[in-house]
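The block underneath contains the structure these notes are about, expressed in structure tokens.
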Amino acid sequence: MRTPASVAGHPLHAMLIVFPVGLLIFSLICDLCSLGSANPATWATVALYTMVGGFIGALVAAMPGLIDLLSLTDPSVKKIAITHMSINLVAVALFAVNIWLRVGGAGNTGTPLILSAIAIAILAVSGWLGGEMVHRHGVGVDTTPRV
């Protein structure tokens with residue numbers, strides 16, 4: 001099931017999500033490293049910058065994802081896609097609050113750290129649903145024979 005947001009038959013959403021997911025996970029890793037570091041401020045700064053990069057990347061990846069969602073016709077796949085999108089919006093909102101707290105001086109422990117952990121867990125569920133759409137339902141997979 002080919003999707004409209006693609007380049008040379010390759011779906012853009014699938015290409016773009018690796019950057020924000022990687023950055024957001026790395027942000028949590030940096031937060032955890034700061035807990036036992038001799039220089040926690042450096043790790044906290046790296047965590048903030050990678051979180052901001054992941055947040056921006058998530059917004060960019062959402063655009064082709066929305067285009068693909070709007071092109072779906074199978075109701076069962078569309079239901080999964082809407083759930084996937086909704087969960088991602090919750091995760092992005094949690095990261096927006098997290099960034100706001102950190103920029104406001106909250107640091108990277110306590111509530112911001114908990115928000116990061118919850119948002120990453122939510123992203124794992126969303127990623128599972130994205131994989132469900134691709135691997136079980138063929139969303140973004142071009143099955144037309146090559147000539």
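The values are calculated or read from the model by the stated rules, or taken from the named source; none is laboratory data. Remember, predicted model here, so these are calculated numbers, not experimental data. As a convention, Cβ positions derive from the backbone with ideal geometry for all residues, glycine included, and neighbour counts pool all protein chains shown.
Annotations for the structure displayed:
- Among the residues of the range 70-113, those identified as in a loop (DSSP other than H, G, I, E, B) and within 30 Å of SER37 (Cβ to Cβ) are GLY104, GLY105, ALA106, GLY107, ASN108, THR109, GLY110.
- Criterion (farther than 19 Å from GLY22 by Cβ, of a type in the set (Asp, Glu) and crowded, with 19+ Cβ neighbours inside 10 Å) met by exactly one of ASP68, ASP74: ASP68
- Near pairs, Cβ below 7 angstrom, 6+ apart or cross-chain, from the range 63-80 (farther than 14 Å from ALA14 by Cβ) to any residue that is of a type in the set (S, T, N, Q) and surrounded by fewer than 15 Cβ atoms within 10 Å (Cβ to Cβ): none
- Scan of the range 123-147 for residues that are free of Cβ contacts under 8 Å to residues at least 60 places away in the same chain and either in contact with a Ser or Thr (Cβ under 8 Å, 6 or more places away or on another chain) or surrounded by 18 or more Cβ atoms within 10 Å (Cβ to Cβ) (or both), ordered by number: SER126, LEU129, MET133
- Residue in the range 86-97 that is touching a residue at least 12 places away in the same chain (Cβ under 8 Å) and among the hydroxyl-bearing types (Ser, Thr, Tyr) present: no
- Of all residue pairs spaced 6 or more apart or on separate chains, those with beta-carbon atoms under 6 Å, a first member in the range 7-26 that is over 16 Å from MET63 (Cβ atoms) and a second member that is at pLDDT 95 or above and among the polar types (S, T, N, Q) are LEU23/THR50; PHE26/THR50.
- Any chance THR109 is under 26 Å from SER76 (Cα atoms), surrounded by fewer than 14 Cβ atoms within 10 Å (Cβ to Cβ) and touching a residue at least 12 places away in the same chain (Cβ under 8 Å): no
- Of all residues in the range 11-37, exactly one satisfies the criterion of being more than 11 Å from the chain's Cα centre (by Cα) and among the aromatic types (Phe, Trp, Tyr), namely PHE26.
- Test result for VAL46, in contact with a Cys (Cβ under 9 Å, 6 or more places away or on another chain), under 12 Å from LEU24 (Cα atoms) and surrounded by fewer than 20 Cβ atoms within 10 Å (Cβ to Cβ): yes
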